[in-house]
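Take a look at the structure set out below.
The values are calculated or read from the model by the stated rules, or taken from the named source; none is laboratory data. Since the structure is predicted, the reported quantities are computational estimates derived from the model, not experimental observations. Positions of Cβ are generated from backbone atoms using ideal geometry, with glycine treated the same way; all protein chains shown enter the neighbour counts. Areas reflect the complete protein model, heavy atoms only, side chains present, ligands, DNA and RNA absent. Shrake-Rupley method; radii C 1.70, N 1.55, O 1.52, S 1.80 Å.
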Protein chains: 2
Amino acid sequence: MNLLCRGRLKLLVASLTAVVLLTWLYLLAGNLENGRSLLLAPCLADTPAAQVLERSVLESRVREVEEENRQIRLQLSQSQGTAAQPPDGNYANQQWGASADTGPEDGDNTAEEKNNHTECPRSPPVQKCELIHVACVCAGHNASRDVVTLVKSVLFHRRNPLHFHFITDTVAHRILSSLFQSWMVPSVQVSFYDADELKSEVSWIPNKHYSGIYGLMKLTLTKALPSDLTKVIVLDTDITFATDIAELWGIFRKFTDKQVIGLVENQSDWYLGNLWKNHKPWPALGRGFNTGVILLYLERLRRLGWEQMWRLTAEKELMSMLSTSLADQDIFNAFIKQNPVLVHQLPCFWNVQLSDHTRSEQCYTEVSDLKVIHWNSPKKLRVKNKHVEFFRNLYLTFLEYDGNLLRRELFGCPSQASPESVKAALEDLDEDDQCYDFRRERLTVHRVHLYFLQYEYTPAEDDTDITLVAQLSMDRLQMLEAICKHWEGPISLALYMSDAEAQQFLRYAQASEVLKNRKNVGYHIVYKEGQFYPVNLVRNVALRNANTPYVFLTDVDFLPMYGLYEYLRRSVVQLDMAHTKKALVVPAFETLRYRLSFPKSKAELLSMLDMGTLYTFRYHVWPKGHAPTDYAKWRTATTPYRVEWEADFEPYVVVRRDCPEYDQRFVGFGWNKVSHVLELDAQEYDLMVLPNAFMIHMPHAPSFDISKFRSSSSYRNCLNTLKDEFHQDLSRKYGSAALKYLTAQRNI
Amino acid sequence: MNLLCRGRLKLLVASLTAVVLLTWLYLLAGNLENGRSLLLAPCLADTPAAQVLERSVLESRVREVEEENRQIRLQLSQSQGTAAQPPDGNYANQQWGASADTGPEDGDNTAEEKNNHTECPRSPPVQKCELIHVACVCAGHNASRDVVTLVKSVLFHRRNPLHFHFITDTVAHRILSSLFQSWMVPSVQVSFYDADELKSEVSWIPNKHYSGIYGLMKLTLTKALPSDLTKVIVLDTDITFATDIAELWGIFRKFTDKQVIGLVENQSDWYLGNLWKNHKPWPALGRGFNTGVILLYLERLRRLGWEQMWRLTAEKELMSMLSTSLADQDIFNAFIKQNPVLVHQLPCFWNVQLSDHTRSEQCYTEVSDLKVIHWNSPKKLRVKNKHVEFFRNLYLTFLEYDGNLLRRELFGCPSQASPESVKAALEDLDEDDQCYDFRRERLTVHRVHLYFLQYEYTPAEDDTDITLVAQLSMDRLQMLEAICKHWEGPISLALYMSDAEAQQFLRYAQASEVLKNRKNVGYHIVYKEGQFYPVNLVRNVALRNANTPYVFLTDVDFLPMYGLYEYLRRSVVQLDMAHTKKALVVPAFETLRYRLSFPKSKAELLSMLDMGTLYTFRYHVWPKGHAPTDYAKWRTATTPYRVEWEADFEPYVVVRRDCPEYDQRFVGFGWNKVSHVLELDAQEYDLMVLPNAFMIHMPHAPSFDISKFRSSSSYRNCLNTLKDEFHQDLSRKYGSAALKYLTAQRNI
């Protein structure tokens, strides 16, 4: 800080001298005149009017020059003020109980308030492009979902490069790493640290708090984080930012040499120990501090021997307290009570706690006072509070905010945004190409949030387990319950949604009796972007995240026959799928009626076919798609039979997990499955039709993409162009063998 | 490129002259200080030789001074991490004493930038709760839609009470008045002024600009706005705010006594007149000013006699120019050229113009420099620009932002948010009441945006015209095209959507060949809020905004028979609807199949009924709903016949526009139509079944509300409670006569 201010001082002195110099030049210019002007004095009287005019012009100009001068002086004195500002924040140990309201940053604040600009206290400078470090302990599916809202609120206001450090369990690691990889926010780095390796550090501490062992891990950050990391802001996952985090980061510069940890006072009466009879909290200074937001001066903590210190404190207190009630917070407070000089108290608005019995209302008088909201009540959004409506709005703003909009570059800061490869490819695109939009779409990286909901499933031991794989968007949500009733096995679903829709889905799933009791369904959100429906990209996300040896590749508007899961598992054994390259075809049928009594058996199905209440799938509009299944043969078949690939065949199949992925160049409607089955054939998969398996397509309104396809001729033209390119790639991959597909295509 | 260079050259010349003039002023200022200026001026006239000598000496000095001056600025800005503003632009105008980068706000700004807080310059204080006035000319459906995004961006950042003044045509007035009424944003006032009354003020000016006559109306604001209004910020509808508008408002305080209008320099070369051969723009200072953002000091303008002044300017210029090319902007610039001292130049970031050939990139080096974006290119969002991605994100943020979240109170400022009545009612609600959610929903005021798309229709002269009235949400969008094909008459649709969905709908409608050619469909957006589907509230919005004497109350998943519109118009005459209380019943049928060849006649329909490809509506699940229609009788009927009301009857009817509204206590699924028909009967409407009319329900997936209804028992219980309350209200309204409904209810 001192260095910096001295630098700034020099600069301003320089500019002042410059200004003085200027003024001298003005005067000099003036004097140049004088030599001559004397002689001419007499002629003056003639033109009094001219004088007056001149004077007024002059005077106004003089005022301007003086004003300029004054401004720069003002600037100078101000910066000198900042420079001279005595290191503050040590009031923490000066007089205890002294609230942050006496702190200088609040002093500035109230001064600023007059200017209606409370959101910018003259806090210590943070350099442009200075990297800010943020640490967060995050474990499990729900925390991984919550932390995204925190991250969004930080990114929304930030103007500096950020480095997020996540202490994660395996679940959170998987979710967040793929999320940030696909998010590709410029000037944002992310590091992960294995929480399990840290468990031993804290597992000996009995903890009553619902956060469990992870609630204690903030104590281990000096050890967990890189040893060369000097400072970090530590945040709980239930935090929402309402301002630029750089303001908070800047406060590190206000730490005295002694101070190592910045905290906001606790805003409930918990540590006063008067909440109920015999309520005995851990020791704390006054009402103690809240650890939802921490400025951690790692370097100094390490020098201090923090690791031993907090342990000693914990051991000592645990002898009488037996366990922690508020996890790490109890230990931090006990530690601080013993070492008050080490704490730098932050103004309360850096952690407005919406806990029950909170005193937070005394903390802000202005919307703009609110910088960080902490939803530390078990009631979360339903907490009662005078201004909860305001807080909720703030929270919802980010909950439903389109995360793609946060992919904005920081002007003037180095950024490793999208990989060069993508950039190059984008530049190669020809905007006049009639299929530009298709090609553009193919290069878009969609944000992916894996396992959006709780997921607990370990595949069956016998290596026969099969995951139902499908993708959907909002308009098919009603199918989920039905599918779950027809398929008891694991399911991997990719949902193509906006951030707001994902929240709607969440509410729906949490309200559904059927869905909330199923823990073997993996829901993977692929966030919407662009005008097309990238159906194959979405399918691949569902496919990649199936964790069984086999997958059943289906569509969400089909209901499998009851018992299909078990039947398929038997089939993969019978047909020795483990050692052969096979694709098991599940014959597809359809009903045009809503209220269908679903056939219990093949026999029942056949009679419904005869009665015309069922049809073979797409019989009316697209027979080619499934004709090769040979429904006639299927009627009487009792054993699996092999069928030949034919052009435009798109059956629903069971294959090994390691099957080729879907070709992502096909977006929206058309050829998205056809191309996949074609490649299965190219890789010499045997297409085996299962004699006792079936699935039925449920009617639904046509999707937007189909209507678009139907209406637009350019859409159809591009589809053909893409097909050709696909064929070219095939022959490159599979050589002359692939030519058969091209000819097949031609013969259509 | 060439053009640009020439532009630069001209500027340099301009700058140099400016500098010469400056130096003279400096010089004289110098003498003032020496008390010798009196001797000065006339002598110049006397001694040309000396003059030349001095001037050359001075000019060389000036060049030195100017160079040094530039050096210092450069130093300063570089060290402060911001590039100096392009000198030319500023110097060009320095002579008007309004150089943007000598202005204190920039001084502070760059100083602030060190602290990474450019978004809060220490701009002149705006008092807490000081009322800020904003004026906007808005005409037609599209502008009314665009202006909402501007308003959202202002509300998002604002911390002061706002008063919006809209100069509107009748269309915009209707849309915006109902929007703001239902928006109920605390501390926001809105006033409307009739643009038609102002037309005569500007209609005499020939204008080539696409904005037409409304583009000129900003000139009339001193007359249009209340005479006691002293200051106002004037904005175009294609503006997006990225900061608190109070910052801009504060700049009024920096106006010198002479200045009356604050503007940002134009960022295209238009007024340099070098864009193409023989391009002759209106006169302007340098590159002129842009009028997308104006600080208008109304009080001073009135004193100045602005109304006469701009007229004189316009008349004078029009003699040679014949017409304006950029509407009001041409006249403002010509005026300013004549009265330079009246303008206060604003820093360029207060109006970053994304027009073609814009120089705006030279205006900002920091995200936080961007305060106001002006989409003043005909290309709008598709404009090419280095940072357009960033701008687009900013714009989209507000385009899709949930406007309900902007209903937040300003702490500590008086606010007349929701009317006391509502507040009281809310407090009366008992949270433990099992139907709390239903009652709460009933008190929610939903934001309504009427006529979201172009609408041009005048009802037929003969007073027989009928509007098809229906409501829908996203999941029924595909029905719209079909309905439009089956019904050529006027349609009033209420769409229940989120802000983001409304934009999806907009894109869909604008892409649909069928929809974009229909101008007699009124689309009214009712914005989503709360967990229920307020179906009757949404229906009432559609009903209220039908502007024909009769309405056909239907549901969006029905297709009317071809020619129904004409048939109904004949029927209302035959049955003398004008002078009798009748509800004409259109018999309802349904298909369970998707691909239905729609019956061309009653005969065809009857045979399809016999074949079982069609059913009477809800025949399987809810016969009561339509049984009273007496389908048996209808088969053979050739003339309209009267039927008796029965419990749970919910036919689709044609009634006079002045029929009772739907009862809004019924939300989601259940009794929403039943209650309406019941009230028709209570008001002694005759239920007449039309012998040659029919409509067919198209299959679709069950809506979420139904599934919720089916799953939840408390939902069903509440529905019964609401029914009882409805009956009580009925008897209050219609006395003992209404008892029959209660008994009918009991007998079910």
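Karplus couplings for region B:604-611 from phi (6.51 cos²θ - 1.76 cosθ + 1.60, θ = phi - 60°), rounded to Hz, Gly and Pro as x?
So the J values, rounded to whole Hz, are 4, 4, 4, 5, 5, 4, 5, 6.
In whole angstrom, and with the biggest value first, how far do the Cα coordinates of region B:138-253 range along each principal axis?
Answer, in whole Å and largest first: 41, 34, 26 Å.
Could you give the nm distance between label points at B:R732 and B:K223, where each point is 7 Å from its Cα heading toward the beta carbon?
In this crude label model, B:R732 to B:K223 measures out at 5.2 nm.
Please report, for B:D257, the nm distances (one decimal) from its label point, 7 Å out from Cα along the beta-carbon direction, to the equivalent points in the remaining copies, shortest first.
Ordered by distance, the counterparts are at 5.7 nm.
Please state, as a whole number in µm²/s, the translational diffusion coefficient that the Stokes-Einstein equation yields for region A:585-703 at 25 °C and 0.890 mPa s, with Rh defined as the Kirkwood radius across alpha carbon pairs.
160
B:L275 versus B:E299, label points 7 Å from Cα toward the beta carbon: distance in nm?
Spacing of the two 7 Å Cα→Cβ label points: 3.8 nm.
Once R0 is set to 25 Å, what does the formula 1/(1 + (r/R0)^6) return for the Cβ-Cβ distance between A:S182 and A:K485, expressed as a FRET efficiency to the nearest 0.05?
Calculated transfer efficiency: 0.20.
If each of B:S714 and A:D463 carries a label point 7 Å out from its Cα toward its Cβ, how far apart are those two points in nm?
It is 5.0 nm.
Which cross-chain or sequence-distant (5 or more) residues have an amide H under 5 Å from the amide H of B:F617, H modelled 1.01 Å from N in plane?
Excluding prolines and chain starts, which carry no amide H, the hits are B:A588, B:F589, B:E590.
Convert each backbone phi in region A:475-480 into a coupling constant with the Karplus relation 6.51 cos²θ - 1.76 cosθ + 1.60 (shift: θ = phi - 60°), then list the ³J(HN,Hα) values in order as whole Hz, x for Gly and Pro.
3J(HN,Hα) across region A:475-480, in whole Hz: 6, 10, 3, 5, 6, 4.
If you take each beta carbon of peptide A:494-505 and count the beta carbons of other chains within 10 angstrom, what is the mean?
Average neighbour count from other chains, rounded to a whole number: 2.
Averaging over all projection directions, find the projected area of the Cα convex hull of region A:600-643 and quote it in nm² with one decimal place.
Computed as one quarter of the Cα hull surface, the answer is 3.5 nm².
Could you compute how fast region A:565-622 diffuses translationally, taking Rh as the Kirkwood radius over C-alpha pairs and applying Stokes-Einstein at 20 °C with viscosity 1.002 mPa s? Give it in µm² per second.
Result for D is 158 µm²/s.
In whole angstrom, how far apart do the alpha carbon centroids of region A:536-600 and region B:609-649 sit?
So the two Cα centres are separated by 43 Å.
Once you've got the Cα coordinates, tell me which of A:K231/A:K337; B:K199/B:K258; A:K231/A:K254; B:K231/B:K254; B:K152/B:K223 are over 18 Å apart.
A:K231/A:K337; B:K199/B:K258; B:K152/B:K223
Taking beta carbons within 10 Å but only from partner chains, what does the mean come to for residues B:126-135?
Mean number of neighbouring Cβ atoms from other chains: 2.
Considering every residue in A:401-414, what mean count of other chain Cβ atoms within 10 Å of its Cβ is obtained?
Per-residue shielding by partner chains comes out at 4.
If you count only protein heavy atoms and use a 1.4 Å probe, how large is the accessible surface of B:F164, to the nearest 10 Å²?
10
Let's test the formula: R0 of 60 Å, r as the Cβ-Cβ distance of B:M611 and A:K519. What FRET efficiency results, to the nearest 0.05?
Computed FRET efficiency for B:M611 and A:K519: 0.80.
Using protein heavy atoms only (no ligands, DNA or RNA), what is the total accessible area buried between B and A, 1.4 Å probe, nearest 100 Å²?
Heavy-atom accessible area buried at this interface is about 8900 Å².
Considering amide H positions built from the backbone, and no H for Pro or chain starts, which residues 5 or more places from B:E661, or on another chain, come under 5 Å of its amide H?
HN-HN under 5 Å from B:E661: empty list.
In terms of the Cα gyration tensor, with a ≥ b ≥ c the square roots of its eigenvalues, is region B:510-652 rounded because a/c is under 1.5, prolate because a/b exceeds b/c, or oblate?
Rounded, since a/c falls under 1.5.
For region A:463-547, what class follows from the C-alpha gyration tensor (a ≥ b ≥ c being the square roots of its eigenvalues): rounded when a/c is under 1.5, otherwise prolate if a/b is larger than b/c, else oblate?
The shape class here is oblate.
Once the label point is set 7 Å along the Cα-to-beta-carbon vector, what list of distances in nm do you get between B:S200 and its counterparts in the other copies?
Sorted ascending, the copy-to-copy spacings read 9.2 nm.
Residue-wise, which Karplus ³J(HN,Hα) couplings in Hz belong to region A:726-743, taking 6.51 cos²θ - 1.76 cosθ + 1.60, θ = phi - 60°, and x for glycine or proline?
Running phi through 6.51 cos²θ - 1.76 cosθ + 1.60 with θ = phi - 60° gives 4, 4, 4, 4, 4, 5, 4, 6, 10, x, 4, 3, 6, 4, 4, 5, 4, 4 Hz.
How do A:182-191, A:497-506 rank on mean C-beta neighbours within 10 Å, highest first?
A:497-506, A:182-191
Go through B:K485/B:K624; A:K581/A:K624; A:K208/A:K516; B:K528/B:K723; B:K208/B:K371; A:K624/A:K740 and tell me which ones have a Cα-Cα distance over 19 Å in this structure.
Exceeds cut-off: B:K485/B:K624; A:K581/A:K624; A:K208/A:K516; B:K528/B:K723; B:K208/B:K371.
Just to make sure I understand: if all protein chains stay in place, what is the order of A:D475, B:D228 by accessible area at 1.4 Å, largest first?
B:D228, A:D475
Assume the label is 7 Å from Cα along Cα to beta carbon: what separations in nm does A:N720 have to the matching positions in the other copies?
Ordered by increasing distance: 6.4 nm.
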